[in-house]
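To start, the structure itself, in structure tokens.
Bear in mind that the values in this text are calculations on the coordinates, not laboratory data. The structure presented is a predicted model; accordingly, all values stated were derived computationally and were not measured. So basically every Cβ, Gly included, is an ideal-geometry build from the backbone, and we count neighbours across all protein chains shown.
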Amino acid sequence: MKYPLFNPGIDFRIKGFYSAFDVHWNSRFAFSGESHDFWEVVTVLSGQVEIVEDGRTYLLGSGQMICHAPNEFHRIKSAGGTDPHVLIISFAHEGRLPSSLGSGIFTLSAEMLEEYLCAFRLFYPFVYRQKKEDDLGGESAERLRADACIGISRLEAFFLRLLQSEPTEEALSRSAGAVEYRNIVRTMYQYATENLTLEQLSQLHHISQSYIKKLFHVYAGEGAISYFARIRIKEIQRLLDEGYTNVEIAERMHFSSPAYLSAFFKKHTGMTPAEYKYRSH
């Protein structure tokens, strides 16, 4: 469903929602994680949550918000022994949202939080009814649609204001496991062109291979080598986008041959490098 553009001065438009949740979790809640090709916004109203976003781990409290960019792996769980109250939305849009929106935590002022809540209260009933496949006929449904359009207008205006503020990484989780996990992921990015093994990661960080496996099970929801493969795929995609050939990329990324590079790429993406270049250009 498309909604009218209420804020013509901005360069994006929210077309509709994939989901909208107003949830209360208990202290044991944990979601294993996902990635998708649309934006998702998580806002904590009370309690605490720990969020993993690719290689970063954040601890969010009341009045804090995080925006997950498309195709960015993320997972969430309750933290601090609290029963958090959380709002989550994911939406379709036209135009571009700046990458800075997904580069940290936003701590909302009381005014900004109320602005967001006002927008949420307007569009949430309509989205909730859609997801439950309730009957949306009659005057009541028209009122819900009208309120949803106003809510989307306010949400667009909210993001415009939010982009004028700076996100912070001060909310990075300081637990020992989270810090070690971030350090390992940082190493993976530094060695993205190499064929790192679990044994080499263990030696570089002076910790056991079993502990690395445990960290990635907890924070990434997958094995360390599988995670490293995704990092290498991103680097290959970047090089393909810049016009490098398979031969050049295989040499830079230390693959034994262009054929092995192509097989590795297809295994993890479902397409060959040539097919990727065709689809993305």
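What is the gain in length, in nm to one decimal, between Y18 and E34 on full extension, counting 0.36 nm per residue of separation less the C-alpha to C-alpha distance?
Stretched out fully, the Y18 to E34 stretch lengthens by 4.3 nm.
Which of S32, S46, S109 moves the most in a Gaussian network model of the chain with Cα springs under 10 Å?
Residue with maximal mean-square fluctuation among S32, S46, S109: S109.
Please get the size of the charge dipole for the chain, origin at its Cα centre, with Cβ charges of +1 on Lys and Arg and -1 on Asp and Glu, quoted in debye to the nearest 20.
The dipole of the chain has a size of about 500 debye.
Of S100, S140, S175, which is the most mobile in a GNM of the chain whose springs link Cα atoms less than 10 angstrom apart?
It is S140.
If you work out Cα extents along the principal axes in Å from the coordinates, which of (i) 66, 46, 36; (ii) 49, 44, 39; (iii) 52, 44, 35 do you get?
Read-out taken from this structure: (i).
Evaluate E = 1/(1 + (r/R0)^6) for D147 and L45, where r is the Cβ-Cβ distance and R0 equals 22 Å; express this FRET efficiency to the nearest 0.05.
About 0.60, to the nearest 0.05.
Along Cα→Cβ, 7 Å out, is where each label goes; now give me the distance between the ones at S208 and E251 in nm to one decimal.
4.4
Between helix 176-190 and the chain, what is the angle of the helix's C-alpha long axis to the longest principal axis, kept within 0 to 90° and rounded to the nearest 10?
Taking the Cα atoms of the chain, the angle to 176-190 is about 60 degrees.
Test of understanding: given the chain, find the longest segment containing no trypsin sites (Lys or Arg not before Pro) that are in a DSSP loop and have at most 14 other Cβ atoms within 10 Å.
Longest stretch, sites excluded: 175-281.
Rg and Dmax of region 12-162 over Cα atoms: what are they, in angstrom?
Final numbers for Rg and Dmax: 15.3, 48 Å.
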